[in-house]
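Trainee: Please read through the structure below; I'll follow up with questions.
The values are calculated or read from the model by the stated rules, or taken from the named source; none is laboratory data. Quick caveat, the model's predicted, so the values are computed rather than measured. Every residue, glycine as well, gets a Cβ built from its backbone with ideal geometry; the counts of neighbours run over all protein chains shown. Ligands, DNA and RNA are stripped out before the accessible areas are found, and what is left, the full protein with its side chains, is counted by its heavy atoms. Shrake-Rupley method; radii C 1.70, N 1.55, O 1.52, S 1.80 Å.
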Amino acid sequence: MKNIAFYLMTLPAVFLFAAFHTFPAVQGIYYSFTNWDGLSFTYDFVGFKNYLNLFKDGNILNSYLFTFKFAIISTILVNILSLSIAVGLNAKIKGKNFFRGVYFLPNVLGVLIVGFIFNYIFSNVVPQLGDKLDIGFLSTNILGSEQLAWIGIVIVAVWQACAFNVILYLSGLQTVPSELYEASSLDGANKWQEFWKITFPMIAPFFTINMVLSMKSFLMVFDQVIALTGGGPGRATESISLLIYKGGFQGGEFAYQSANSVVYFIVIVLISVFQIKVLQKREMNM
């Protein structure tokens, strides 16, 4: 009877998960083998035609290049900054609880709200400041430049993502025994040696988690692009998620972008598995 009660308690969650996640995912895979535009009552099966056309589409190639460039750079920056901030906040400093709250604040704010605020800053505040200070590179709106717009998105994404990553790294730093630092100080180790030989190896699992979660999150970037550039100028900052959304729901390419979604899902899974394997192997060698 006890097991039956447990099963009955899990059924609502299983049903909701299947109804709003599993079934739509399976349905999307099914439609990826058709030519459905998302509105018509009829459609035909086209087999792997959509998948083959993906590799011939220049827009998709550009979106993949932009997304991977953005994700790799953002992942590296956010982990370097988050770990540095976490080490500082873990030290014996005055008001560290206040600073922890301040650094976590960006995670509470909505992504779109943050994006629209920074859009105003990049478009109005920074150029005006550049004009007053007579600093040429600040006088232009970087979001309007095909070469520089991605930098604005990286700045916003990294700034907001640091909040959550700092908390994870702080959790890892709390697990490092203080006796190790006391022993290293007796041996004459400096702060850099303590970090590289003690702190970093001890928090390696947290580093792995942060790297995988950061990469996955940045590969799926959508809100920041919508709020800052809308994919522009032109298609310079069009991420894969934005391309799927625009083409599938606005461009009548529902089946085609469903195929794109399936391929991208596989890509993200493979990258995540590769990261985990490499980083966990590195943990064992430390």
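Trainee: Among the residues that make up segment 253-267, is at least one of them closer than 22 Å to Phe164 by Cβ, touching a residue at least 12 places away in the same chain (Cβ under 8 Å) and open to solvent by 10 Å² or more (accessible area, probe 1.4 Å)? Spell out the reasoning first.
Mentor: Applying the first criterion (closer than 22 Å to Phe164 by Cβ) to segment 253-267 yields none.
No, the conditions are met nowhere in segment 253-267.
Trainee: Still on this structure, I have one more. Where residues in segment 142-179 are free of Cβ contacts under 8 Å to residues at least 60 places away in the same chain and β-branched (Val, Ile, Thr), which of them is nearest to Lys69 (Cα to Cα)?
Mentor: Among those residues, the one meeting the criterion is Ile151.
Trainee: Further question: What number of residues in segment 155-166 are aliphatic (A, V, I, L, M), open to solvent by 60 Å² or more (accessible area, probe 1.4 Å) and under 14 Å from Asn79 (Cβ atoms)? Before the answer, list the steps.
Mentor: In the first step, residues of segment 155-166 are kept if they are aliphatic (A, V, I, L, M); the result is 155-158, 161, 163, 166.
Right, trim to open to solvent by 60 Å² or more (accessible area, probe 1.4 Å) and you get 155.
When the remaining residues are screened for being under 14 Å from Asn79 (Cβ atoms), the result is none.
Residues that pass the stated criteria total 0.
Trainee: For segment 181-195: of the residues being of a type in the set (Gly, Ala, Ser) and assigned to a helix (DSSP H, G or I), which is most open to solvent (accessible area, probe 1.4 Å)? Show your work before the answer.
Mentor: As a first pass, look at segment 181-195 and keep what is of a type in the set (Gly, Ala, Ser): 183-185, 188-189.
Then drop every residue that is not assigned to a helix (DSSP H, G or I), which leaves 183-185.
On the way: Ala183: 49, Ser184: 11, Ser185: 67 Å².
By that ranking, first place goes to Ser185.
Trainee: Counting only residues that are of a type in the set (Ser, Thr, Tyr) and either touching a residue at least 12 places away in the same chain (Cβ under 8 Å) or not in a helix (DSSP H, G or I) (or both), which one in segment 10-62 is surrounded by the fewest Cβ atoms within 10 Å (Cβ to Cβ)? Show your work before the answer.
Mentor: We begin by selecting, within segment 10-62, every residue of a type in the set (Ser, Thr, Tyr); these are 10, 22, 30-32, 34, 40, 42-43, 51.
Remaining after also requiring either touching a residue at least 12 places away in the same chain (Cβ under 8 Å) or not in a helix (DSSP H, G or I) (or both): 31-32, 34, 40, 42-43, 51.
On the way: Tyr31: 22, Ser32: 22, Thr34: 20, Ser40: 10, Thr42: 7, Tyr43: 14, Tyr51: 16.
Top of the filtered list is Thr42.
Rundown of residues vs (1) of a type in the set (Phe, Trp, Tyr); (2) in contact (Cβ under 8 Å) with a residue 12 or more places away in the chain; (3) within 14 Å of Trp159 (Cα to Cα); (4) exposed (fewer than 13 other Cβ atoms within 10 Å of the Cβ), yes/no style:
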residue: Asn90; (1), (2), (3), (4): no, yes, no, no
residue: Lys94; (1), (2), (3), (4): no, no, no, yes
residue: Leu105; (1), (2), (3), (4): no, yes, yes, yes
residue: Gly115; (1), (2), (3), (4): no, yes, yes, no
residue: Asp134; (1), (2), (3), (4): no, no, no, yes
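Trainee: Next up: Is one or more of the residues making up segment 268-286 in contact (Cβ under 8 Å) with a residue 12 or more places away in the chain, over 15 Å from the mean Cα position of the chain (by Cα) and at positive phi? Even if it seems obvious, please write down each step before you answer.
Mentor: Taking segment 268-286 as the starting set, the residues that turn out to be in contact (Cβ under 8 Å) with a residue 12 or more places away in the chain are 268, 271-272, 275-276, 279-280, 282-283, 286.
So of that shortlist, the ones also over 15 Å from the mean Cα position of the chain (by Cα) come out as 276, 279-280, 282-283, 286.
Those left that are additionally at positive phi: none.
Checking segment 268-286: not a single residue is in contact (Cβ under 8 Å) with a residue 12 or more places away in the chain, over 15 Å from the mean Cα position of the chain (by Cα) and at positive phi.
Trainee: Now for a separate question. Any idea which of (1) under 17 Å from Ile268 (Cβ atoms); (2) out of contact with any helix residue (DSSP H, G or I) (no Cβ under 9 Å at 6 or more places or on another chain); (3) among the basic types (Lys, Arg) is the one Lys56 doesn't satisfy?
Mentor: (1)
Trainee: Please go through (1) over 22 Å from Lys96 (Cβ atoms); (2) surrounded by fewer than 17 Cβ atoms within 10 Å (Cβ to Cβ); (3) not hydrophobic (A, V, I, L, M, F, W, C) for Ser178 and return the number of the only condition it doesn't satisfy.
Mentor: Only one criterion in (1) over 22 Å from Lys96 (Cβ atoms); (2) surrounded by fewer than 17 Cβ atoms within 10 Å (Cβ to Cβ); (3) not hydrophobic (A, V, I, L, M, F, W, C) is unmet by Ser178, namely (1).
Trainee: Among residues belonging to segment 63-84 that are in contact with a Cys (Cβ under 7 Å, 6 or more places away or on another chain) and among the hydrophobic types (A, V, I, L, M, F, W, C), point out the one that is least open to solvent (accessible area, probe 1.4 Å). Spell out how you get there, then give the answer.
Mentor: Here is the first cut: in segment 63-84, the ones in contact with a Cys (Cβ under 7 Å, 6 or more places away or on another chain) are 78, 81-82.
Going one step further and asking which of them are among the hydrophobic types (A, V, I, L, M, F, W, C), we end up with 78, 81.
Working: Val78: 0, Leu81: 82 Å².
The selected residue is Val78.
Trainee: State yes or no: is Ser74 touching a residue at least 40 places away in the same chain (Cβ under 8 Å), of a type in the set (Ser, Thr, Tyr) and part of a helix (DSSP H, G or I)?
Mentor: Details: touching a residue at least 40 places away in the same chain (Cβ under 8 Å): yes; of a type in the set (Ser, Thr, Tyr): yes; part of a helix (DSSP H, G or I): yes.
Yes; evaluated as a whole, the condition is true for this residue.
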